[in-house]
Each structure stands twice: as structure tokens, then as C-alpha cells.
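Asker: Structure incoming, see below.
The values are calculated or read from the model by the stated rules, or taken from the named source; none is laboratory data. Everything quoted here is computed from the prediction, not taken from an experiment. Heads up, the Cβs are rebuilt from the backbone with ideal geometry, glycines too, and the neighbour counts pull from every protein chain shown.
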Amino acid sequence: MTATDRAKNRACLWYEGDAEEAANFYASIFPDTRVTDVTRSPADYPDGKAGDVITVEFSVMGIECIGLNGGPAFKHSEAFSFQVETGDQEETDRYWNAIVGNGGAESMCGWCKDKWGLSWQITPRVLGRALGNPDRAAAKRAMEAMMTMRKIDVAAIEAALAGTTA
């Protein structure tokens, strides 16, 4: 990929030194995700040697990113996350389990972190429809159900919408 082929605006994600590992991990999980370029340092520098990976260009489900191996100075936070919309429980489980099951951590309401500390929202499509439901009582039930969850339970959200229990 040449400079003229890539997006003019990309998300730059800071890693301690394992941007290439992270990018390859994302590519192994998500469709339309790939590593497109790896740049190695042409010379020694204060925190590394010539030949060390300094940047990794990759896309995550079509979003172009650059991973910068910048060292331990900065950490990821929930202020930035990828929101992955899923179609059903199986897809939700697959992405959630891949992230959490490979050194990541669960959070609440469909949020989790990968082993590098990057936040992900694994969000079934039904949740967005539920929270935006014009029947505000149904939307409230769905919201209250979601607030008790870590990974989103599609059947429980649908039951909350219907006013029944899953």
C-alpha cells in the first residue's frame, strides 16, 4: 500500500511494543481486518534498536489504523473503543470470547478490553433497536436488563422488550 492508497485520517493506537501482535490478533478474529504494512526502525533509538517494529498499518473491520510501538508512557482507556455490531448471540459470543478469552477482561453493558487494554463494545443489533424503541416502557425494560449484564444476552434483551423473562 502506498501513501496515496491509504486514508488521510486513521486511528493511531499506542502500544508498548506489541502493535504487530495486536494487529495480527484482530485480523484473526474480525472480518475485513488485515495487516497492510509493518515499518521497522532504520536505526537505533532511545528505546529500541534498528530493525524493531515501530509502526504497523492495519484495518479493523474496514477502519484504517496505525499501531505505534511507543513504549509504556501512555495506556489505552475507555475514552476510545471499537464498537462492533453483531447480528445474533452466536456472533456476540464469538467476538466476546475471543477478546476476553485471550488475556482480555470483561466489563459491563457489552464492554470488554483486550489484553493490550483496548476497549471493545460488542453490541448486538437488537440492543440498539431496543434502546431506541418508541415504546419507552419497553426501552426502559431493555435498558434495565442491559445494566445487569457483562456480555449482552440477546434473548434477555428480547424478553425485556416483550415484557417477559428469558
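Asker: Among the residues of region 123-137 satisfying the criterion of being outside any helix (DSSP H, G or I) and of a type outside the set (S, T, N, Q), which is surrounded by the fewest Cβ atoms within 10 Å (Cβ to Cβ)?
Answerer: It comes out as P134.
Asker: Please give the number of the condition L131 fails out of (1) assigned by TED's automatic domain parsing to the domain that holds A22; (2) farther than 17 Å from A27 by Cβ.
Answerer: With respect to (1) assigned by TED's automatic domain parsing to the domain that holds A22; (2) farther than 17 Å from A27 by Cβ, L131 is out only on (1).
Asker: Taking the stated definitions as given, is I157 in a helix (DSSP H, G or I) and either more than 25 Å from G62 (Cα to Cα) or assigned by TED's automatic domain parsing to the domain that holds P31 (or both)?
Answerer: Answer is yes for this residue.
Asker: Name the residue that is surrounded by the most Cβ atoms within 10 Å (Cβ to Cβ), counting only residues in region 138-154 that are in contact (Cβ under 8 Å) with a residue 24 or more places away in the chain and assigned to a helix (DSSP H, G or I).
Answerer: Within region 138-154, the match that is surrounded by the most Cβ atoms within 10 Å (Cβ to Cβ) is V154.
Asker: Assigned by TED's automatic domain parsing to the domain that holds K151, within 30 Å of G17 (Cβ to Cβ) and of a type in the set (S, T, N, Q): is that true of Q83 in this structure?
Answerer: The answer is yes for Q83.
Asker: Give region 33-86 a look and list any residue that's of a type in the set (K, R) and free of Cβ contacts under 8 Å to residues at least 12 places away in the same chain, or say none.
Answerer: Selection gives K49 alone.
Asker: Look through A98, A73, A105 and report the one residue that is of a type outside the set (S, T, Y) and modelled with pLDDT under 95.
Answerer: Criteria check complete, one pass: A73.
Asker: Sticking with this structure for a sec: Considering only region 124-134, state which residues are farther than 16 Å from D93 by Cα and in contact (Cβ under 8 Å) with a residue 24 or more places away in the chain. Quick ask: steps written out before the conclusion?
Answerer: Of the residues in region 124-134, the ones farther than 16 Å from D93 by Cα are 128-134.
Across region 124-134, the qualifying residues are G128, A130, N133.
Asker: Among strands (runs of 3 or more DSSP E) lying entirely in region 21-122, which contain 2 or more residues that are over 24 Å from N9 (Cα atoms) and within 14 Å of the chain's Cα centre (by Cα)?
Answerer: 111-113
Asker: Can you find a residue that is crowded, with 17+ Cβ neighbours inside 10 Å and either within 24 Å of R125 (Cα to Cα) or among the hydroxyl-bearing types (S, T, Y) (or both) anywhere in region 14-21?
Answerer: Looking through region 14-21, at least one residue is crowded, with 17+ Cβ neighbours inside 10 Å and either within 24 Å of R125 (Cα to Cα) or among the hydroxyl-bearing types (S, T, Y) (or both).
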